[in-house]
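Reviewing the structure listed below.
The values are calculated or read from the model by the stated rules, or taken from the named source; none is laboratory data. Not measured: the values here are computed from a predicted model. Here the Cβ is made from the backbone with ideal geometry for all residues, glycine too, and neighbour counts use every protein chain on show.
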Amino acid sequence: MLVKICGITSLEIANQAIEAGADFIGFVFAKSKRQINMTDAAEISREIPKHVKKVGVFVNESIENIHTIATTVGLDYVQLHGDESPSFCDQVEVPVIKAIKVKEKQDVEEIAKYNSVYFLLDSPPGKYQGGNGETFDWELVKDMSKDKHKIILAGGLTPSNVVQAIQQVQPIGVDVSSGVESNGKKDQKKMFAFVKEAKKKGDK
């Protein structure tokens, strides 16, 4: 089970996430309380071991800015969390993780239109496009047989519900941000607990 810890804002937090066993760390370049600038992300990125993949999160950003940031920071993946079209995604020179906001069954069917490496299934947006700490109805994706190996589940996951989520959805990976925070800051104990639970692969 792959684990992505998103909303990394410092080298200290990045190192804690890596020590916990995260496979991906996420930098949010879109408007968010966890937003980071390109320069700070690049500094952190230089210290990240190669086996940990770096993901940049963008919302309706220009292709030029995405490529500039991806090159400067050394991103392994670009996560597109806005209204980006399939043709836009095809123009991105870095492997794409396309976020799909799931409110009803037809939202899941959007996946068929894209050629992305992974699809991040998230809850519908609140104030920001992601990271609202709420789950969506996992029943909507339970029967999805196609592309399960491309699904990263997000939205309201915590150390206490991630095993149930994995058992129900059977994704290739899980994504967490606010679910491993205390008072709006990443919590080392929660990150360790989340990864430990997720890596059980739901075998409880």
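Quick look at the numbers
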| quantity | calculated |
| --- | --- |
| Segments classed as strands (runs of 3 or more DSSP E), wholly inside the stretch 1-95, with at least 2 members that are under 17 Å from SER177 (Cβ atoms) and aromatic (Phe, Trp, Tyr) | 24-28 |
| Candidate set from the stretch 83-109 (those that are modelled with pLDDT of 95 or more and β-branched (Val, Ile, Thr)); member that is farthest from CYS6 (Cα to Cα) | VAL92 |
| Residues satisfying the stated conditions in the stretch 96-106, i.e. part of a strand (DSSP E or B) and either loosely packed, with under 14 Cβ neighbours inside 10 Å or small (Gly, Ala, Ser) (or both) | ALA99 |
| The lone exception for ASP143 - which of (1) exposed (fewer than 15 other Cβ atoms within 10 Å of the Cβ); (2) modelled with pLDDT under 90; (3) in contact with a Gly (Cβ under 9 Å, 6 or more places away or on another chain) it fails | (3) |
| Hits in the stretch 58-68 - residues which are of a type in the set (Val, Ile, Thr) and either out of contact with any strand residue (DSSP E or B) (no Cβ under 6 Å at 6 or more places or on another chain) or free of Cβ contacts under 8 Å to residues at least 24 places away in the same chain (or both) | VAL59, ILE63, THR68 |
| Residue ID - nearest to GLY156 (Cα to Cα), chosen from residues in the stretch 110-130 that are modelled with pLDDT of 85 or more and of a type in the set (D, E, K, R) | ASP122 |
| Test set (1) in contact with a Gly (Cβ under 9 Å, 6 or more places away or on another chain); (2) within 23 Å of VAL162 (Cα to Cα); (3) surrounded by 23 or more Cβ atoms within 10 Å (Cβ to Cβ); (4) not charged (D, E, K, R) - ALA14 fails condition number | (1) |
| Sole exception among (1) closer than 20 Å to VAL174 by Cα; (2) touching a Lys or Arg at 6+ places or on another chain (Cβ under 8 Å) for HIS51, by number | (2) |
| Residue match in the stretch 147-166 (condition: modelled with pLDDT under 90, buried (at least 17 other Cβ atoms within 10 Å of the Cβ), outside any loop (DSSP other than H, G, I, E, B) and among the β-branched types (Val, Ile, Thr)) | no |
